[in-house]
Amino acid sequence: MYNCSECMERLYPFLDRELDSTERDEVRQHLDRCRGCSVRFRFEGNVLRYVGEIARSTHCPPEARKRILRACGRLAAD
Ligand SMILES: [Zn+2]
């Protein structure tokens with residue numbers, strides 16, 4: 001099972017659904033047992049969803065939208 005730092009290394013790949021199923025299960029198992037990491041994952045997930053919603057709902061040009069999302073550390077997962 002992952003320790004906290006191994007789990008955190010996979011935060012963004014996990015949220016972006018880039019992990020394979022084995023890694024995803026390992027992360028989930030860690031989150032079940034570790035409150036600190038599970039709070040962090042949930043917080044980051046909410047921020048990314050919120051930012052993604054704003055970027056999608058505002059009528060800004062695609063380039064500006066991309067810059068906003070990149071500034072937040074990632075591109076939107078469409
Ligand atoms: Zn942890």
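The values are calculated or read from the model by the stated rules, or taken from the named source; none is laboratory data. Just so it is clear, the structure is predicted and the values come from calculations on it, not from any experiment. Virtual Cβ from ideal backbone geometry, glycine too; neighbours counted across all protein chains shown.
Annotations for the structure displayed:
- Only one of ARG40, ARG17 that is surrounded by 11 or more Cβ atoms within 10 Å (Cβ to Cβ) and either over 16 Å from SER5 (Cα atoms) or modelled with pLDDT of 80 or more (or both): ARG40
- When GLY73 is tested against (1) over 16 Å from the mean Cα position of the chain (by Cα); (2) not in a helix (DSSP H, G or I), exactly one condition is not met: (1).
- Verdict on TYR2 being touching a residue at least 40 places away in the same chain (Cβ under 8 Å) and hydroxyl-bearing (Ser, Thr, Tyr): no
- Members of the range 18-29 found to be more than 16 Å from ARG42 (Cβ to Cβ) and charged (D, E, K, R), listed by number: GLU18, ASP20, GLU23, ASP25, GLU26
- Residues in the range 15-42 that are near the ligand (Cβ under 9 Å from one of its atoms), under 14 Å from the mean Cα position of the chain (by Cα) and basic (Lys, Arg): ARG40 only.
- Cβ-Cβ under 7 Å pairs, at least 6 apart or on other chains, the range 23-41 side of a type in the set (Val, Ile, Thr), far side assigned to a helix (DSSP H, G or I) and more than 9 Å from the ligand (Cβ to nearest atom): VAL27/PHE14
- Qualifying residue in the range 5-14 (condition: touching a residue at least 40 places away in the same chain (Cβ under 8 Å), within 16 Å of the ligand (Cβ to nearest atom) and part of a helix (DSSP H, G or I)): yes
- Taken over the range 43-78, the criterion of being under 24 Å from MET8 (Cβ atoms), of a type in the set (D, E, K, R) and surrounded by 13 or more Cβ atoms within 10 Å (Cβ to Cβ) is satisfied by GLU44, ARG74.
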